Amino acid sequence: MSRPGLESIINSSRSGERVPRSLSRRSFMALSGTSAAALAFNLPDVASAGTRAGRFQDYPFSLGVASGDPLPDSVVLWTRLAPEPLSSSGGMGDARVPVQWQVAEDENFAQVVRSGIAMAHREVVHSVHVDVKGLSPGREYFYRFKAGREISPVGRTKTAPEPGSTTTTLRFAAAACQAWYDGYYTAYRHLADEDLDFVLHLGDYLYEYSVWTRGGRPDVELPDKYDRVTMTLSDYRDRYALYKLDPDLQAAHAAAPWIVSWDDHEVVNNYMGDTDHRGTPPEEFLVRRANAYRAYWEHQPLRVPAPDGPDMRLYRRFTFGDLIEFNVLDFHQYGDAFACGGGVHVDCEERLDPSRTILGDAQETWLLDGLSRSSARWNVLAQQRMMSQLMRETDAGLAIPMTYWDGYQPARDRIFNAFQDFGVSNPISLSGDLHRSVAGELKEDFDDPDSATIGSEYEISSISSGEDGSDIDRFGENIMRSNAHLKFYNSQRGYVRFTATSDEWRADYRIVPYVREEDAPVSTRASLLTEDGRPGVEIIDENEPQGTLYGLEEDPAD
Ligand code: CA
Ligand code: FE
């Protein structure tokens, strides 16, 4: 079946033609495999103040559907009405529109178990967040929306098992970093085909930079407003709309519930707390941060309350049976500015200052408290920046990056001490940002290879950021030479598929050989394993590299 291209959607939006209705229909068919007859909805058309006889100018579910933040009895459903997705109001103007939603046990919606109506209104750019309660634990569900006469694509979701209940296997994927202009989201299409309990997104869901016409999507023409850095609420909303038009991203959202956290580019590169490290006065920067947080909240399936100005508590915890507890961290909202002005440094005393914080007091206390109480087999820090030391050879000598946990060494030591003091079972760090696949050992003392290994780290590469990439590059050679605790490296695009049981934690590094052309195949570059009670990582299977084998990149872009 041919897929409707993003180009045709965007071009038809630009020329004022109708967005092909077939997008959602095809997505639905691909998802459910049911016949058109099954689309006969038994919900009545809702009379709506905002639409004439329930009609929209164009298909309103152009940005797809999503679910997220799975609990044993609840998931959050998301959609946004946007019949003209690239116009600033999404083509909805001031309308207030009731949106019906249904959750069913089957993909044909024969067994609807929950349903209701949510109002879509202008203040939240007609996004809808429904916290569906009263669901059964550890169960698959299907959901859809209806507005006017229009029906959304169908999404699949799944609740978490009860905390503490015996859970034999969990399968999930982790992804990060999806610069739209760097390439196609083919990795997401493959991710959508995996049979997953949930998806983790570790940040850089979008980038603030101008969407210039280079890289992987050279044929797409966009309105001029995309040719600037995001600053205003409208800028950020417009950027989410562009990204969310991507059919592969929509398919990945529709395939499983997501647990999301942000990195820096959802606001601006390498911001920390109230500074963008560019001399912008804090009161000015915080207005931008408020705009960015607001648009993020509007476009994600989040249970957390909408941001209060520049503040939004995103760090939160998810427990899956007796198997995994995820501490989803926020690296950027509460931290002190980067030591020694950021970058990499051979000597930087400031990074050793114990008063400096990444997480802020409240989040750090919350994390340590959670670690002390957890009874899960695997205890995960789902975060943005690598915890492992990332030493690099430079002309000045061995240097350390200030923009990672390395730049806040006492803060890292406090977490590592907690791992040991509380006897935390199998600490695992999942991180993103680097646009590289890396895996290695968390060491009691990274400068002493003989010191105890106290945990495991799996670094997730990017979906598209960094364009095609290569199996190895100069940066990779450098860090693999300089850090004995790192065991695996690849600099291509993809995601990681994890399978956790009570005995082992398995990571399959799923790689696409290119993103600047469509339809790349996916393959497993390597499979890695952490055994219960044995911190560290072991490569159990390694396959032939695909695509470009050697690249020249010396500096990681993030
Ligand atoms: Ca980043
Ligand atoms: Fe990134």
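Quick look at the numbers
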| read-out | value |
| --- | --- |
| Residue match in the range 193-210 (condition: more than 16 Å from ligand 2 (Cβ to nearest atom), in the same structural domain as residue 509 (by TED's automatic domain parsing) and within 30 Å of residue 335 (Cβ to Cβ)) | yes |
| Test: residue in the range 454-469 that is in contact with a Pro (Cβ under 8 Å, 6 or more places away or on another chain), within 30 Å of residue 211 (Cβ to Cβ) and open to solvent by 30 Å² or more (accessible area, probe 1.4 Å) | yes |
| Matching residues in the range 122-157 - criterion: being more than 14 Å from residue 253 (Cα to Cα), open to solvent by 10 Å² or more (accessible area, probe 1.4 Å) and either among the basic types (Lys, Arg) or part of a strand (DSSP E or B) (or both) | 122, 129, 130, 131, 133, 139, 140, 149, 150, 151 |
| Verdict on residue 226 being at pLDDT 95 or above and among the aromatic types (Phe, Trp, Tyr) | no |
| Options 369, 395, 406; residue that is charged (D, E, K, R), within 27 Å of the chain's Cα centre (by Cα) and open to solvent by 10 Å² or more (accessible area, probe 1.4 Å) | 369 |
| Every residue from the range 104-114 that is touching a residue at least 24 places away in the same chain (Cβ under 8 Å) and assigned to a strand (DSSP E or B) | 104, 113 |
| Qualifying residue in the range 140-162 (condition: in contact with a strand residue (DSSP E or B) (Cβ under 8 Å, 6 or more places away or on another chain), charged (D, E, K, R) and at pLDDT below 95) | yes |
| The range 528-558, subset within 16 Å of ligand 1 (Cβ to nearest atom) and surrounded by 13 or more Cβ atoms within 10 Å (Cβ to Cβ), residue farthest from residue 465 (Cα to Cα) | 553 |
| Residue in the range 541-556 that is closer than 18 Å to residue 390 by Cβ and either in a strand (DSSP E or B) or hydrophobic (A, V, I, L, M, F, W, C) (or both) present | no |
| Unique match (being touching a Cys at 6+ places or on another chain (Cβ under 8 Å) and either over 22 Å from residue 230 (Cβ atoms) or open to solvent by 50 Å² or more (accessible area, probe 1.4 Å) (or both)) among 350, 325 | 350 |
| One residue from 126, 121 being modelled with pLDDT of 95 or more and either at positive phi or acidic (Asp, Glu) (or both) | 126 |
| Selection within the range 424-463 - assigned to a strand (DSSP E or B) and within 16 Å of ligand 2 (Cβ to nearest atom) | 430, 431, 437, 438, 459 |
| Residues within the range 168-195 that are away from ligand 1 (no atom under 16 Å from the Cβ), in a loop (DSSP other than H, G, I, E, B) and crowded, with 21+ Cβ neighbours inside 10 Å, tallied | 3 |
| Check on residue 370, at positive phi and without any contact (Cβ under 8 Å) to a residue 60 or more places away in the chain | no |
| Residue under evaluation residue 160, criteria (1) open to solvent by less than 20 Å² (accessible area, probe 1.4 Å); (2) outside any loop (DSSP other than H, G, I, E, B); (3) away from ligand 2 (no atom under 16 Å from the Cβ); (4) out of contact with any helix residue (DSSP H, G or I) (no Cβ under 8 Å at 6 or more places or on another chain), criterion not met | (2) |
| Residue tally, condition touching a residue at least 40 places away in the same chain (Cβ under 8 Å), away from ligand 1 (no atom under 16 Å from the Cβ) and buried (at least 22 other Cβ atoms within 10 Å of the Cβ), over the range 198-226 | 4 |
| Residues being in contact (Cβ under 8 Å) with a residue 40 or more places away in the chain and in contact with a strand residue (DSSP E or B) (Cβ under 7 Å, 6 or more places away or on another chain) - total across the range 406-440 | 17 |
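The values are calculated or read from the model by the stated rules, or taken from the named source; none is laboratory data. Here the structure is a predicted model, which means the values were calculated and not measured. Don't worry about glycine lacking a Cβ; one is built from the backbone with ideal geometry, like all the others, and counts go over all protein chains shown. Ligands, DNA and RNA are excluded from the accessible area calculation, which covers all protein heavy atoms including side chains. Shrake-Rupley method; radii C 1.70, N 1.55, O 1.52, S 1.80 Å.
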